[in-house]
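**Student:** Take this structure, written in structure tokens, and hold onto it; I'll ask about it next.
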Amino acid sequence: MKKELPKAYEPQQYEDAIYQRWEQSRFFNPDVCVKKGITDKNTPTFSIVLPPPNVTGTLHIGHAAMLAIEDVLIRYHRMKGDRTLWVPGTDHAAIATQEKVERLLWNEDQKTRHDLGRDVFLKRVEDFAQDSHDKIINQTKKMGSSLDWSREYYSLDEKRNLAVRKAFKKMYDAGLIYRGDRIVNWDPKMQSNVSDIEVVRTEEKTFFYYFQYGPFVIGTARPETKFGDKYVVMHPEDTRYAKYKHGDTFECEWINGKITATIIKDEAVDPEFGTGVMTITPWHDATDFFIADRHGLDKEQVIDLNGNLLEIAGEFAGMNILEARPKIVEKLTQKGLVVRIDEEYVSAKATNSRGGGLIEPQIMKQWWVDVKKKFVIENSQMEGIENGKEYSLQEILQHAVRSKQIEIIPERFEKQYFNWVDNLLDWCLSRQIWYGHRVPAWYHGDDVYVGVEAPEGEGWQQDSDTLDTWFSAGMFSFTPLGGVDEETDDLKNYHPTSVLETGYDILTFWVVRMIMMTTYLRGEVPFRTVYLHGLVRDEQGRKMSKSLDNIIDPLDVSAKYGTDAVRLSLLLGSAPGNDTKLSDEKIGSFRNFTNKLWNISRFTIGKVQETSYKIQKNIQLPQAHTLADQYILMKINHVVEIVTGLLESYQFSLAGEQLRDFTWGEFADWYLEIAKVEGNKSEILNYCLNNILKLWHPYMPFVTEAIWTEMYGEENLLMVERWPVFVETTTGEAQAIQEDFDTLQKIIIKIRSLRSDYKIEPRKKVSLVLNEDANNIFLLLQNNIDVLKTLARLETVEFGGKKPDGAISFVENGVEMYLNLIGVLDIEKETEHINKEIATVEPYVNSLEKKLSNTEFVHNAPAQVVEQEKKKLADAKEKLEKLHTQLIYLLTLRDF
RNA sequence: GGACUCAUAGCUCAGUUGGUUAGAGUGCCACAUUGACAUUGUGGAGGUCAGAAGUUCGACUCUUCUUGGGUCCACCA
């Protein structure tokens, strides 16, 4: 016989040891499960590749939410018997990690990466990354994540690097990757180009200047770019400027003397904005760049890569642009060319989301993915994409989701997906940072060689640029399982993966790129389902950030409340794709529930051990002896069905709430209380607890495993037990049980409520009398008389009696009942009570009568609904009648 | 400028093809507590479902508009 469990669950005493047992079992690896006969090798597979956390530090609570959701899916599928694989990894996060280390380097040593040189700097980044990696892995394990560590990968390791080089070469050979001069987002601070989605725009108040430019007045927020402006552009339909013709030239006085300007008509100009006329700076503005491109105009560089003015600026050459701006305006003022200045102008300032450098557009040679170029596909396994036909990457992206070969949950994010994909622009791949995969291109004179390996011969030099981190990330559905052009068992078994679970904030960064890269390289989708979760915010709904000091560290709260409580607080009370608010209080309330489950188990096990019954692990549906037994067995079966359905449809919050309501509300508050009365329930208690632990395991792996160990010993792991199976029953039977139990519950609650209203001491027992028309529930109450008496604290129950003097009446299921409260009945109070109840029932009856007398309702509504309403009316009327009788009785009493 | 999303009890949220006297958790109030449960139990108060119009026999649910939060996209100099 085992020892009694401790009174309270202390997570710290169990969690680490349990995780170790899981790891030592090696059951996180599906191959081991098959080998040990736990999983059948012919069952379906279920696979997830963990979105690899960036090695930029430690995990935040958002990662913990991601781990919790994925672990629920994984543990559920593993228990269901699927060959279940969850692959861990970490991401080098090129730009983010380099920026972080550069910042540290500057703060600690006041040095830049250039002071150290490429090799030394990279060593420093790698050390930092390694340190981050180790912390992240520890945290991930602490959260209970059942990841297959034998398959762990790093986005910058040798295998992933080979995949990057192969993919690049393949796409280059197909003409999908090209090198070209385009306008890019240059960050002078980081000395790198960044992609459009890495740029954030914030509104900022600036001055907006109106300058005289020949016969025109032009507006600009950036006078420092205007040196080279020699084209003046207006809308072709703008009647104000109809007399000027496209291509006309004129001479005018400008910043550094006379220039010749050319008139250009282009629809990109908004006649409503400013004066409807502008000059363009194609080298430093994207709009201007495209205008210049359309008309074949000259492009001249004005600002260098450090943000300083070039020779073209004359006396301002070498000056930083921000320093030069007021001086240029001053000079133009002296020349009488400033018309006016709008000081309240709001413009969108572009900054690098990593590091915050001010973006200065520049024309530069970079590597790009051409998303619109058609290519002949040869490896397609996708429906609707035929081999030998031509498609562009963009078309395949559209098709994959439109044809539902990839399902996005919640569905509304499909709109965001298409909004992005339909307007897709070429993807700029190259970055001038050092940390990351190198562009696999080599130069020798004017020759460019793109390949997996460096070319033979002297004098070749590798491109110094690195690749956008999302280029390698775009292959993460398959590179952890096998390489490009390589068929491994893992790829055969686990790819496409079942679901990509990630935050909605990286739908465009990552999800789109994964679909693009994988459909091209493998001819199949990377995953079947995309499940997007929301962001975790603080209790006031703000984003968590260091500056607000509102960060909740998963390790802190895990130590304080236990990992299971943290997981529950992240899983419950949130909807897919919606942000959730988290607070200490919320986690605390789930810690309470964890402890409740512990005590439920403690009591249940104790109860069973009082009898000669021996606890079983594999237990069939037991025989019910009482209504309560029938009820709880029916209920647990029902919960299995509901929870399984909700998990299958990714409704983690609802599934958890259903389980909690069942466990706390039905099982603990009712069934266990009844079990104390009825006794002799070892088998059913064993059955219930067994199933409850299994159902909770995906949500609360530690406490359930700890209890399981107490019940069945160290040699059994709940983690690989079989998920409960829903048993088909006749619905009529279940409904009858439900109705009977409902009636019993309602009577007990009513009596408790009356006792509370009349301030009857909990210890004091009272008597219940049911009048003579109690036939319909006579048997029900007779059969459950002990339960009724104990839970409602009744001395006696008398059937078919008359109303005792001084008793209060109530109606339940059409039966009038009297609670004998001799000496405590307060006529005034009771009158008030009844009146209050009448006041709620009367309008209800009226509304039902009105509804049913409405012939349109009776004709148009389905017969079933009409019947339902009729029954409601009959019940309510009966109740109202009895309330009136009671009221009259009270009035006669008062008259005495 | 184009979209998306949210608005239900003090707080956090359910409410899935339109038919409920609108629910839960938490907080609050009252009572109880050697009892599996420091972290418990029982009971209670608390909502014109943001506002307006429409469709319908019937709207928290569908449509349109308004108001107020949040988010994404976009080359307004």
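The values are calculated or read from the model by the stated rules, or taken from the named source; none is laboratory data. Keep in mind that what you see is a predicted model, and the values were worked out from it rather than measured. No Cβ is skipped: glycine too gets one built from the backbone with ideal geometry, and neighbour counts run over all protein chains shown. Accessible surface is based on the protein model in full, side chains and every heavy atom, while ligands, DNA and RNA are left aside. Shrake-Rupley method; radii C 1.70, N 1.55, O 1.52, S 1.80 Å.
**Student:** For segment A:690-702, which residues satisfy the criterion of being part of a helix (DSSP H, G or I) and either closer than 16 Å to A:Trp723 by Cβ or modelled with pLDDT under 95 (or both)?
**Tutor:** Of everything in segment A:690-702, those that are part of a helix (DSSP H, G or I) and either closer than 16 Å to A:Trp723 by Cβ or modelled with pLDDT under 95 (or both) turn out to be A:Asn690, A:Asn691, A:Ile692, A:Leu693, A:Lys694, A:Leu695, A:Trp696, A:Pro701.
**Student:** Quick one: A:Asp266 ticks every box in (1) under 49 Å from the mean Cα position of the chain (by Cα); (2) touching a residue at least 40 places away in the same chain (Cβ under 8 Å) bar one, so which box is it?
**Tutor:** For A:Asp266, the failing item is (2).
**Student:** When you go through (1) in contact with a Pro (Cβ under 8 Å, 6 or more places away or on another chain); (2) near RNA strand B (Cβ under 9 Å from one of its atoms) one by one for A:Lys299, which number turns out not to apply?
**Tutor:** (2)
**Student:** Is it true that A:Leu571 is more than 10 Å from RNA strand B (Cβ to nearest atom) and of a type outside the set (D, E, K, R)?
**Tutor:** Yes.
**Student:** State all residues of segment A:655-701 that are of a type in the set (Phe, Trp, Tyr) and over 19 Å from A:Tyr76 (Cα atoms); if no residue qualifies, say none.
**Tutor:** Answer for segment A:655-701, where residues must be of a type in the set (Phe, Trp, Tyr) and over 19 Å from A:Tyr76 (Cα atoms): A:Trp664, A:Phe667, A:Trp670, A:Tyr671, A:Tyr687.
**Student:** Okay, moving on. Is at least one residue of segment A:428-436 more than 16 Å from RNA strand B (Cβ to nearest atom) and without any contact (Cβ under 8 Å) to a residue 40 or more places away in the chain?
**Tutor:** No, every residue in segment A:428-436 fails to be more than 16 Å from RNA strand B (Cβ to nearest atom) and without any contact (Cβ under 8 Å) to a residue 40 or more places away in the chain.
**Student:** A follow-up question, please. Could you look through segment A:631-654, keep only residues that are within 30 Å of A:Leu788 (Cβ to Cβ) and free of Cβ contacts under 8 Å to residues at least 40 places away in the same chain, and pick out the one that is farthest from RNA strand B (Cβ to nearest atom)?
**Tutor:** A:Lys635
**Student:** Another question about this same structure. Output yes when any residue across segment A:677-695 is open to solvent by 30 Å² or more (accessible area, probe 1.4 Å), within 13 Å of RNA strand B (Cβ to nearest atom) and over 22 Å from the mean Cα position of the chain (by Cα), and no when none is.
**Tutor:** Looking through segment A:677-695, at least one residue is open to solvent by 30 Å² or more (accessible area, probe 1.4 Å), within 13 Å of RNA strand B (Cβ to nearest atom) and over 22 Å from the mean Cα position of the chain (by Cα).
**Student:** Let me ask something additional. Would you check which residues across segment A:365-374 are in contact (Cβ under 8 Å) with a residue 60 or more places away in the chain and either outside any strand (DSSP E or B) or surrounded by 17 or more Cβ atoms within 10 Å (Cβ to Cβ) (or both) and list them?
**Tutor:** A:Gln366, A:Trp367, A:Trp368, A:Val369, A:Asp370, A:Val371, A:Lys373
**Student:** Where in segment A:565-674 are there helices (runs of 4 or more DSSP H), lying fully within it, with 3 or more residues that are under 30 Å from A:Lys415 (Cβ atoms) and not basic (Lys, Arg)?
**Tutor:** Those helices (runs of 4 or more DSSP H) span A:627-648, A:652-660.
**Student:** Wholly within segment A:92-158, which helices (runs of 4 or more DSSP H) include no fewer than the required count, namely at least 1 residues that are open to solvent by less than 60 Å² (accessible area, probe 1.4 Å) and farther than 21 Å from A:His437 by Cα?
**Tutor:** By residue number, A:94-109, A:118-142.
**Student:** Also, I was wondering about something else. When you go through (1) within 50 Å of the chain's Cα centre (by Cα); (2) touching a residue at least 12 places away in the same chain (Cβ under 8 Å); (3) open to solvent by 80 Å² or more (accessible area, probe 1.4 Å) one by one for A:Asn776, which number turns out not to apply?
**Tutor:** Here A:Asn776 clears every test but (1).
**Student:** On to the next question. Given the structure, is A:Met544 away from RNA strand B (no atom under 15 Å from the Cβ), touching a residue at least 40 places away in the same chain (Cβ under 8 Å) and out of contact with any Lys or Arg (no Cβ under 6 Å at 6 or more places or on another chain)?
**Tutor:** When the stated conditions are applied, A:Met544 does not pass them.
**Student:** Out of A:Ala628, A:Ala624, report the one residue that is within 24 Å of A:Glu733 (Cα to Cα), crowded, with 21+ Cβ neighbours inside 10 Å and more than 12 Å from RNA strand B (Cβ to nearest atom).
**Tutor:** Checking each option against the conditions leaves just A:Ala628.
**Student:** When both residues are 6+ apart or on different chains and their Cβ atoms are under 6 Å apart, which pairs have a first residue that lies in segment A:62-73 and is over 18 Å from A:Trp149 (Cα atoms), and a second that is assigned to a helix (DSSP H, G or I)?
**Tutor:** That search, which allows pairs on different chains as well, returns A:Ala65/A:Leu570.
**Student:** Here is a further query. Go through A:Thr287, A:Thr333 for me and flag whichever is in a helix (DSSP H, G or I), free of Cβ contacts under 8 Å to residues at least 40 places away in the same chain and away from RNA strand B (no atom under 16 Å from the Cβ).
**Tutor:** Exactly one of A:Thr287, A:Thr333 is in a helix (DSSP H, G or I), free of Cβ contacts under 8 Å to residues at least 40 places away in the same chain and away from RNA strand B (no atom under 16 Å from the Cβ), namely A:Thr333.
**Student:** Being under 33 Å from the mean Cα position of the chain (by Cα), of a type outside the set (Val, Ile, Thr) and assigned to a helix (DSSP H, G or I) is the filter here, so list the residues in segment A:703-717 that pass it.
**Tutor:** A:Glu705, A:Ala706, A:Trp708
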